[in-house]
Amino acid sequence: MTQTAEATTETTQETESGPRFADLGLDDRVLAAIQEMGYETPSPIQAQTIPLLTSGRDVVGLAQTGTGKTAAFALPALTHMAQAHDAGELGSVPNTLVLAPTRELAIQVAEAFTTYAAKVPGISVLPIYGGAPYGPQLHGLRRGANVVVGTPGRVIDHMSKGSLDLSEIKHLILDEADEMLRMGFAEEVDKILAQTPDDKQVALFSATMPKAIRRISEDYLNNPVEVSVKNKTTTSANIRQRYVAIKHHAKPEALARIMETEPHDAVIVFVRTRSATEEVASKLNARGFTAAAINGDIPQNLREKTVEQLKDGRIDVLVATDVAARGLDVERISHVFNYDIPLDTESYVHRIGRTGRAGRSGEAVLFVTPREQRMLRSIEKATRQQVEQMSLPTISDVNASRLERFSERITETLASEELEEYRGLVSSYVTEHDTPAEDIAAALVAMVHDGRPLLLDEKAEDELLREAKRGFSERGRDDRGEGGDRGPRGDRPSRDRGPATAGPGNAMYRISLGRRDGVAPGHIVGAIANEAGLNAREIGSIDIRPTHSLVELPEKLSGEQWAALAKTRIGGELIKLEKDSGAPAGGGFRKREDDGERGGFRGKGGPRKGGFGKSEGGFKKKDKKARWH
Ligand code: AMP
């Protein structure tokens, strides 16, 4: 434990058994919701933050998206609200305000909050953000919301309209505080903090701790405890680490393809929740693998039995949560799949340490969704090893490997089985039916596959996996890197960059609106981020010229994104996006992500899903039992 002038710093000391949700001082109804979601243990940031927040302390949490920070602040606030509800003190005036830098994050946090609040009676959660009409938000506020999750600009707008009453705020949470400042929201954040009651509890979460965040913490937090997660770890050199950039719903297919094309022995697949262990195991079984689920709900003796089955080869795949796989030592594990990225780097190291046992080599494959790029960076930093990108096998790769195994199996059977009796059967069929032996063999193959095709349809190669193969742009990763207080474009603020040239993986695009049309960088970021579903961080430098503007975006946009951008308007005018011919541009502005709040143009009407929703999973039925060895 180290002391700073104003705050106490605590660092995780993970014990083997670790704390349980039930030990953190949470209300039973909140615990019941967590249980239902299938979370088994608190993540390190949760284990440290929740007891402090439930006891009323202010907290500064060094944590990024993907560490479980939403639950870290939501569960204590909900515990207090549940108590207030029981005491008849929970009115309809907002009790909790969460400030988030972007519309996407505001929606995501509001959704998570709603799920965590499922068993606390009478809690309503409302996201408010720019780029959307005021009407529904005003209506929601009038109806009464206990939890408001908003982008700073829109919160200020509602405050000045008198539609948002902050006089009863008991919890104020600054989520991704560094990102809010980087986007130019310092003034708004200050104003909101200053205009909320003095006795509120404040929790500030930030991935980095630049001076400006320290200043906010000193000015507005009351003797906060500073919490961070230890992440110095090492990994064994005999484990090859790779990652696949992928959207959530493509994971089942990706897993099956890799397993079909990479020679493997036993495999362990790590997922985040109990329900996911069952889901993924049953999808793998449907695809012909022998998989079993282990999680904290399964009694210890049964878990041990399953592990025995893995050891002696009766099953090949174990789908597990971290808790269930703790201490697992099975030599034949050749592959560890991080199907869901772990919530902290230590878990990553524990997980991949399940392979490469007894001096063997091992393979670790990590699935990373676009939102999780930063965790990938943290893993690389913590393990001091680069995790190399791998591309997904195509359907033709899968088919090639199916054919190879098919002929191997025939060769093996010809060599080992007692075939005399069957030979006799075939030759009498040939004679009786005057059918060539080849046809009979073909019919037997069809019988073995139970009418399902041996090979997949190569025309079905889908956009999803093409996207996964492309991966993230390098710059996307760099921008999410940790590096203290930096400009809006990481370490190369657009203003200083001279000619508008795109960074690696990016290209310059031209839009037909410029200064004369009253366009500001915030409008462009808001419109493109909201309409094309691009993350604000994927939008680089913006250069506004008199009659048009140049904007740096990922080099490859999907068909869907092009279609959305073709319909995108700013101030009612189509932006007419096209790739720029490459002429250099001077100047450039600092972009300011305000979700279009100032532009007065309308984004999409209602809340939109973040884009990488829950798994829809499922393999095509025809794939069932497609494996033959
Ligand atoms: P966050 O960092 O809050 O965005 O959370 C990242 C992801 O982890 C979300 O999908 C959460 O649902 C999930 N999550 C949060 N806490 C836990 C936990 N203790 N166990 C399993 N999953 C969790």
**Item:** Rounded FRET efficiency, nearest 0.05, which uses the C-beta distance separating residue 211 from residue 314 and R0 of 45 Å
**Value:** 0.15
**Asked** Using Cα pairs under 8 angstrom and six or more residues apart, how large is the relative contact order of region 239-394, in percent?
**Response** 36 percent
**Item:** Extended-chain gain in nm, criterion 0.36 nm per residue less alpha-carbon gap, residue 275 and residue 407
**Value:** 43.8 nm
**Request:** For region 396-448, with all protein chains present and a 1.4 Å probe, just round the carbon and sulfur fraction of the accessible area to a whole percent.
**Result:** 58 percent
**Message:** Beyond a 26 Å Cα-Cα separation, which of these cross-linked pairs lie in this structure: 161/191; 247/305; 69/211; 119/283; 69/161; 211/381?
**Reply:** 247/305; 119/283; 69/161
**Prompt:** What shape does region 396-448 have by the C-alpha gyration tensor, where a ≥ b ≥ c are the square roots of the eigenvalues, rounded means a/c under 1.5, and otherwise prolate means a/b greater than b/c and oblate the rest?
**Reply:** oblate
**Request:** Using amide H atoms built 1.01 Å from N in the peptide plane, name the residues 5+ places from residue 366, or on other chains, whose amide H lies under 5 Å from its own.
**Result:** 242, 243, 244, 338
**Prompt:** Working out 0.36 nm times the residue gap between residue 455 and residue 20, then minus their Cα-Cα distance, what length gain in nm do you get to one decimal?
**Reply:** 151.9 nm
**Request:** Please give the per residue accessible area of region 239-394, computed with a probe of 1.4 Å over protein heavy atoms only, in Å².
**Result:** 34 Å²
**Request:** May I ask you to give the solvent-accessible area per residue for region 396-448, in square angstrom, as obtained with a 1.4 angstrom probe?
**Result:** 77 Å²
**Prompt:** Rounded to a whole number, what % of the accessible area of region 263-357 do carbon and sulfur atoms account for, probe 1.4 Å?
**Reply:** 47 percent
**Item:** Segments 89-95, 561-567, 69-75 sorted - mean Cβ within 10 Å per residue, highest first
**Value:** 69-75, 89-95, 561-567
**Request:** Just the number, please: carbon plus sulfur as a percent of the accessible area of region 23-165, 1.4 Å probe, no ligands or DNA/RNA counted.
**Result:** 51 percent
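The values are calculated or read from the model by the stated rules, or taken from the named source; none is laboratory data. Just so we're clear, the structure is a prediction, and the values are computed from it rather than from any experiment. All Cβ positions, glycine included, derive from the backbone under ideal geometry; neighbour counts span all protein chains shown. The accessibility values were calculated without ligands, DNA or RNA, using every heavy atom of the protein model including side chains. Shrake-Rupley method; radii C 1.70, N 1.55, O 1.52, S 1.80 Å.
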